[in-house]
Amino acid sequence: MDYLEIIGGKKLSGSVTISGAKNAALPIIAATILSDKPLKLTNLPNVVDIRTLLKLLTMLGGYVKHHETTAEIDNSTINSTKAVYEIVSQMRASILVLGPLLARFGECEVSLPGGCAIGQRPIDLHLKALEAMGAHIEIKGGYVRAEAKNGLRGAKIIFDKITVGGTENIVMAAALAHGTTTIINAAKEPEVVQLCEMIASAGVNIQGIGTNELTIEGTGGKTLAFDTIEIIPDRIEAGTYLCAGAITQSTITLNKVNHEHIRASIDKLESMGCTFELADDSITIHPSDTLNPVNLITIEYPGFPTDMQAQFMALAVMANGESLIEERLFENRFMHVSELNRLGADIWLKGSTAAVKGVDKLYGADVMATDLRASSALVLAALVAEGTTHVRRIYHLDRGYDNLEGKLAALGANIVRKKERH
Ligand code: EPZ
């Protein structure tokens, strides 16, 4: 197993190019199932989760030619509608094939994703919404078996909770349904917006894109044709590099970013004392000599993203005072706390809130990555810890960060990937 060896204390400089967004690319790959014409995706991040979902397409019978950041896909040859446990258990976002498979083929079986490190993450809202659209659903042998032999029909869906994946699944299902679907309390994350724009670009009438209420006129079973789609920049990767500049007190520039999508992170960094220079699609962070403490609550877009909570906790550890961080979306997304404390942080956890007392120094240690964003928080802390840190179990990082160690090393960090010797 690989691990990262990081020797802390180096300043960063120069620029880094942000990759395409994993969480935009995944639903877009799933949405290609709505088409039986060849299409091309560009600016894909070169990460394991993308390869896993593309592999699922090929297992369904689709044709995929994938090279680094582009994929040519032809789903006219799909001859299976079963998403097997071996893939879904590796990546819960595979549940995103449920809506499009059911909408196009009138039936499918998708392995039920289990819980995961950051929380239970049920899919009850996806299933309830599909049932409201006329699907017959049963859970048997660990699989969701869904059927809508005469096609799905439009319905009025009111989500009890805002769900990104749930909104994406229903938008895809609604695109080929008979009649009009309204989704109330829909997610409006930039990744959901790009999926809606992709489907709208194929001629489906979608109203309310980027708001909490979406209205989708289905094609009544007619498949879609998509032009080439360029994946939007990854706002979480961008936020993570801004935190790298802030924590190491370095001026760095990020290229290929969408400023609007990272507004919440920029605002919090400004309140911590950092300043920014914005150009067309780039941003330069000028750090502050001392970081002010920060109070934040994770919430749906455009609020502060849960996917940046761990990285900001690493920053708060180095702030001058006490910060409060509340996690509202996932009940167990604090696994980085004990690992950060192993590096010398002073974090106290009560329920869904962490109180972080800033410390003067961190000291390198062996730490374990527990989930994707927790892993990047450990890397950030290691960049400023005195001595050597080994971050283990970095397969979590490889799922969602494109060449993290290469990009950080190019900025001047002392970071290398090594192989565990047994
Ligand atoms: C997406 O997960 C992202 N994943 C997550 O990013 C992100 O943390 C999350 O949205 C929130 O922004 C992808 O886009 C692939 P949700 P998703 O459904 O869609 C509850 C990362 O690090 N819920 O919006 O699974 C759920 O348990 C990942 O890149 C139900 O109760 O998240 C959670 O508390 C991790 N029932 C809340 O809603 C349901 O049926 C929001 O989850 C669905 C969700």
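Read-outs: derived from the displayed coordinates by stated rules, not from any lab. Everything quoted here is computed from the prediction, not taken from an experiment. So basically every Cβ, Gly included, is an ideal-geometry build from the backbone, and we count neighbours across all protein chains shown.
When each of the peptides 57-66, 227-236, 101-110, 121-130 is scored by how many other beta carbons lie within 10 Å of its residues on average, the order from highest to lowest is 101-110, 227-236, 121-130, 57-66. The gain in end-to-end length when the Lys419 to His136 segment is fully stretched comes to 97.1 nm, 0.36 nm per residue minus the alpha carbon separation.
Charge dipole of segment 160-300 (Cα centre as origin; +1 on each Lys and Arg Cβ, -1 on each Asp and Glu Cβ, all else neutral): 240 debye, rounded to the nearest 20. Cross-link partners for Lys10 among the aspartates and glutamates, with Cα-Cα distance under 16 Å and sequence neighbours closer than 8 places in the same chain left out: Asp289, Glu386, Glu405.
Highest mean packing first, where packing is the average number of other Cβ atoms within 10 Å per residue, the peptides 370-378, 319-327, 190-198, 169-177 line up as 169-177, 370-378, 190-198, 319-327. Put simply, when 16-25, 301-310, 146-155, 285-294 are sorted by average Cβ atoms within 10 angstrom per residue, most first, you get 16-25, 301-310, 146-155, 285-294. Checking the cross-link pairs Lys82/Lys140; Lys65/Lys418; Lys37/Lys256 against a 24 Å limit on the alpha carbon distance flags Lys65/Lys418; Lys37/Lys256 as lying beyond it. Across segment 269-422, the mean sequence separation of Cα contacts (distance under 8 Å, 6 or more residues apart), normalised by length, yields a relative contact order of 17 percent. Summing Cβ point charges (Lys, Arg +1; Asp, Glu -1) relative to the Cα centre of segment 232-326 gives a dipole of roughly 120 debye. What you get for the chain, charging only the Cβ of Lys and Arg (+1) and of Asp and Glu (-1), is a dipole of about 800 debye around the Cα centre. Just so you know, the averaged projected area of the alpha carbon convex hull for segment 70-157 sits at 7.1 nm². A cut-off of 5 Å between modelled amide H atoms, ignoring neighbours fewer than 5 places along the same chain, links Glu386 with Leu362, Tyr363, Gly364. Against the empirical curve 2.2 N^0.38 Å, the C-alpha radius of gyration of the chain lands at a ratio of 0.98. Quick one: helix 164-175 against the long Cα principal axis of the chain, what's the angle to the nearest 10°, folded into 0 to 90? On a 0 to 90 degree scale, this one is about 20. Counting only DSSP H runs of at least 4 residues, each contributing -39500 (n - 2.57), and dividing by the residue count of the chain, the helix-based mean residue ellipticity at 222 nm comes to -9000 deg cm²/dmol. Note on Lys161 and His259: the extension gain reaches 32.6 nm, defined as 0.36 nm multiplied by sequence separation minus the Cα-Cα distance. Where both bridge residues fall in the chain, DSSP classifies roughly 75% of the beta bridges as antiparallel. Within straight-line reach of Lys188, meaning a Cα separation under 17 Å, sit the following lysines at least 8 residues removed in sequence or on another chain: Lys22, Lys161. Expressed to the nearest 5 percent, the antiparallel share of DSSP beta bridges inside segment 305-422 is 70 percent. Normalising the average separation of contacting C-alpha pairs (under 8 angstrom, six or more residues apart) by the number of residues puts the relative contact order of segment 159-253 at 28 percent.
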